[in-house]
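Trainee: Here it is, the structure in full.
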Amino acid sequence: MNPPNTSKLEVGRRKFIGLATAALAGACTRPTSTTDPGSSDPTTGPPTTQPEITTTTIKTFDPIEAPAVELTQDPFQLGVASGDPDSTSVVLWTRLIAVTEQPIGVVWEMASADDTGYLAIVATGVFEALSDDALSLHVVAEGLMPSTEYIYRFRAGEFVSPVGQTRTTGTGTDSVSVGVSSCQLREAGFWQAHQDIADADLDLMIWLGDYTYRTDGSRTLEELRELHAKYRSDPALQAAHASCAWLVGLDDNDIDNDYSASDNDPELLTAAYKAWWEHQPTRLPKPTGPQMQVYRTLDLGSLAQVILFDTRQYAQPGQDLLGQAQRDWADAAIRQDTAYTIFASPVIVGNLLPGSPDLVPYSWAAHSADSTWIREKFSLTQTPVVVSGDLHTGIVTAVADSAGLPLATEFMAPAISSRLPDELAATAPLLPFANEFVQHLDPKQGWLRLDISASNLKATYRATDALVENDQVTASARFSVAPNAKEAVPEP
Ligand SMILES: [Fe+2]
């Protein structure tokens, strides 16, 4: 693959900023719901580890002012984001760009989605951005209503951030719309898929890893912060983050290509986890060493539960994929009372090429004990649906048992921009002939949309023909999964 001319890419990306800002100003059209403010879902996040984030929530209608700060340029150049929502709270994120060793007081404000003038602020507070955390903020906005859309922004000195839109989870809704994607190699071309995500009015975006690629050789914390900031400067990515809450997972390139933690440099691991945390809207505790627990659940009322796995950090090649602690956690966390269970795995779960489990040597198929374990978990849920990434290809298949019977539908989401890897390029065209469950295989870039109700799960592949500026992203294939079904059905 030859990277495109970088200078042209920079100009194009900057031109996009105005469009993205205008799109944000016109957002927030979904009607809000005020059903059952007393209801509460199980909380999001690892049940074994509580976040250590300091929360500053002040319910007031009076304007709050942060201590005066000397800012000479707009500090909100990396945009805003929200993530890890539950029925009464959500994490709000931004990272300030400023040269200072001093803390910067930042005001955050939330309002109802139709209150674009912020006349009735429903939650606000002041949070200190610290240089130790690259001036990033992870504010837990609490006391919110379930299944309700909000807008939010930050203020520092005379500067006001772009407006973000987010939504709490809960039971007061008939359907949820969820996006899935991964793998955004920056040098591969333009990220139209992110602008399409921003325009899609989603409730949640699931990210299955490879947010950054260390193609510039970054290794230190400062170098990795610069790499993340470079990725975060993309206006389409900023628009996608500002449009809905994200649940962000990790894959190998977030740390090191094809890494497993057992054979990696602890200094690189420590720096990479910290830089990743500083740039993601997550309520995960701040990592302070060469490990970071990333696996967690997210509940979407009675419609769905998302189980987000970490398939890299605890892997022992050829032996163990998840590690005992993660399996124990999942055993306790998986609910049986939701219409659909979304098993979100950064790497493919099904065996793409029956008889050749090592086609993807770091996948579930090459780890027989973990493969058996997850098949048992499928049987505990009403309608298991796997979403996966990593192979930079849209794939619809089924995870089967040893007798060849389907147990769960698997939708592999396309990559935002990364290309089909070499190890799959020669084999991919043969897969629909070698695997009876492969119904769809498309190496085009894009993302996957899931529309989930109690009576149906609709899956729509959104694809782009070329990663050039202003190329269109369109629906390329549609499938549905009925309640209790183990395979997808093609839709017109
Ligand atoms: Fe990737």
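Trainee: Would it be correct to say that L308 is within 28 Å of S233 (Cβ to Cβ), more than 16 Å from the ligand (Cβ to nearest atom) and either modelled with pLDDT of 95 or more or crowded, with 24+ Cβ neighbours inside 10 Å (or both)?
Mentor: yes
Trainee: Provide a single number: the residues in the stretch 332-376 that are touching a residue at least 60 places away in the same chain (Cβ under 8 Å), farther than 28 Å from A426 by Cα and part of a helix (DSSP H, G or I).
Mentor: Total satisfying the criteria: 2.
Trainee: Does the stretch 401-424 hold any residues that are at pLDDT 95 or above and either within 14 Å of the ligand (Cβ to nearest atom) or among the acidic types (D, E) (or both), and which are they?
Mentor: Within the stretch 401-424, E410, M412, A413, P414, A415, I416, S417, S418 qualify.
Trainee: Another question about this same structure. Considering (1) over 20 Å from the mean Cα position of the chain (by Cα); (2) within 16 Å of the ligand (Cβ to nearest atom), say which one T383 fails and leave the rest.
Mentor: Just one mismatch for T383, condition (2).
Trainee: Determine which member of the set L322, L269, L237 is buried (at least 23 other Cβ atoms within 10 Å of the Cβ), on the phi < 0 side of the Ramachandran plot and away from the ligand (no atom under 16 Å from the Cβ).
Mentor: The conditions single out L322.
Trainee: Kindly indicate which of T427, T393 is touching a helix residue (DSSP H, G or I) at 6+ places or on another chain (Cβ under 8 Å), more than 16 Å from the ligand (Cβ to nearest atom) and of a type in the set (S, T, N, Q).
Mentor: T427
Trainee: All but one of (1) more than 16 Å from the ligand (Cβ to nearest atom); (2) within 23 Å of L450 (Cβ to Cβ); (3) at pLDDT 95 or above hold for G170; state the number of the condition that does not hold.
Mentor: Of (1) more than 16 Å from the ligand (Cβ to nearest atom); (2) within 23 Å of L450 (Cβ to Cβ); (3) at pLDDT 95 or above, only one is false for G170: (3).
Trainee: Give the stretch 114-130 a look and list any residue that's out of contact with any Pro (no Cβ under 8 Å at 6 or more places or on another chain) and of a type in the set (G, A, S), or say none.
Mentor: Once the filter is applied, which keeps residues that are out of contact with any Pro (no Cβ under 8 Å at 6 or more places or on another chain) and of a type in the set (G, A, S), the stretch 114-130 yields G117, A120, A123, G125.
Trainee: Which of the residues spanning the stretch 412-434 are touching a Leu at 6+ places or on another chain (Cβ under 6 Å) and either part of a strand (DSSP E or B) or under 30 Å from Q336 (Cα atoms) (or both)?
Mentor: Once the filter is applied, which keeps residues that are touching a Leu at 6+ places or on another chain (Cβ under 6 Å) and either part of a strand (DSSP E or B) or under 30 Å from Q336 (Cα atoms) (or both), the stretch 412-434 yields only A413.
Trainee: Looking only at the stretch 177-208, which residues are away from the ligand (no atom under 16 Å from the Cβ), among the aliphatic types (A, V, I, L, M) and under 19 Å from P421 (Cα atoms)?
Mentor: none
Trainee: Also: I'd like the full set of residues that are in contact (Cβ under 8 Å) with a residue 40 or more places away in the chain and more than 18 Å from V90 (Cα to Cα), limited to the stretch 115-130.
Mentor: Of everything in the stretch 115-130, those that are in contact (Cβ under 8 Å) with a residue 40 or more places away in the chain and more than 18 Å from V90 (Cα to Cα) turn out to be T116, A120.
The values are calculated or read from the model by the stated rules, or taken from the named source; none is laboratory data. Here the structure is a predicted model, which is why all the values come from computation and not from measurement. Because the Cβ atoms are built from the backbone with ideal geometry, glycine has one as well, and the counts that use them run over all protein chains shown.
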